[in-house]
Structures are given as C-alpha cells and as structure tokens.
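The values are calculated or read from the model by the stated rules, or taken from the named source; none is laboratory data. Because the structure is a prediction, the values reported are computed rather than measured. In this analysis, Cβ positions are derived from the backbone assuming ideal geometry, glycine residues included, and neighbour counts consider all displayed protein chains. Quick note on the areas: whole protein, heavy atoms, side chains included, nothing else; ligands and nucleic acids left out. Shrake-Rupley method; radii C 1.70, N 1.55, O 1.52, S 1.80 Å.
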Amino acid sequence: MNPLTHLLHAPVSEYRPERIWEARQHYFDGGPLPAGLLEQPLLRSWERCRESGRAPQEHVIFDPVERSRLSALLEREHRFLQAAKPELDTLAQRVSDVGCAVLLTDACGQVLAVAGDLARHSQPMRQAFRPGVDVSE
C-alpha cells in the first residue's frame, strides 16, 4: 500500500502539516510527484528546488532588507496596509494560542506586515517573517 494513500481523502485546501511533511519526505526521497495531496504552487516550488540541485535539508537564507527598498515598499502599499491592519490583528489574536503568527504580503510575495509572537519559532522563520523579505518562492 502506498504510504500516502491515507492522505488522498483530505481536501487539498485543508491545512494539515503532517500531510505536507509526509509528502515532502516521499517526494525528496525520490518518489513520484505526490499529485493531489498539495497545492500546485508548492509542488512546483519543490520541483524547482530539486532541479536546481538544492538539498532538501538545505536552509534558506533570507537576505537583509535594505532600508530604502523597505521604505519604498511600505510607502507604495500604505493604503493596503491600513485597510488590512484590523483584520491582520484580529487573525493574529485568534491564532496566538496555537503559536502561530500572521504574515501579509503584496501580490509579488514581499512581506508587508507581521502580527503575532515569533519568539517560539526557528531562526529561519523569524528571518522570513520580516517586512520587505521576499517569500514568493
């Protein structure tokens, strides 16, 4: 029996971290693309990583953000940020008891705002959850 068969019955849009980790392990161990288990953008990202020769255990480095670039981004998205702030804060409050933080990006995947406590998260996660960081991949 395929070890991923039990995961096929869950809707793809339902967030289940265990499904992602099992599919990731299966995929990077050389198995076939786990179609139907995950959203296509995530699968395409994995394909690009594998094709570029990146190792599954390799850590992603999130470069420091230049102040001028961050300032320009936040100025350009000021109205969007103002409109989203109440919802961002509400969502962050609702997920705080499970240790999550909320990330808001622009259409290109540039982080605009972060709400919630990141103290319990890994260093790479804290590096990624900073305004101006490109998390598009």
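Worth a mention:
- Each stretch of four or more DSSP H residues adds -39500 (n - 2.57); spread over every residue of the chain, this sum gives -13000 deg cm²/dmol at 222 nm.
- Modelled spin labels at residue 69 and residue 90, positioned 7 Å past Cα toward Cβ, are 3.4 nm from each other.
- Axis of helix 78-95 versus longest Cα principal axis of the chain: the two differ by about 60°, to the nearest ten degrees.
- Counted residue by residue at 0.36 nm each, then reduced by the alpha carbon distance between them, the extension gain from residue 83 to residue 48 reaches 9.2 nm.
- Projecting label points 7 angstrom from Cα along Cα→Cβ for residue 100 and residue 24 puts them 1.6 nm apart.
- Solvent-accessible area per residue for region 78-134 (1.4 angstrom probe, square angstrom): 62 Å²
- Principal-axis tilt of helix 40-51 within the chain, Cα atoms, nearest 10 degrees: 80 degrees
- Apolar share of the accessible surface for the chain: 55 percent from carbon plus sulfur atoms, 1.4 Å probe.
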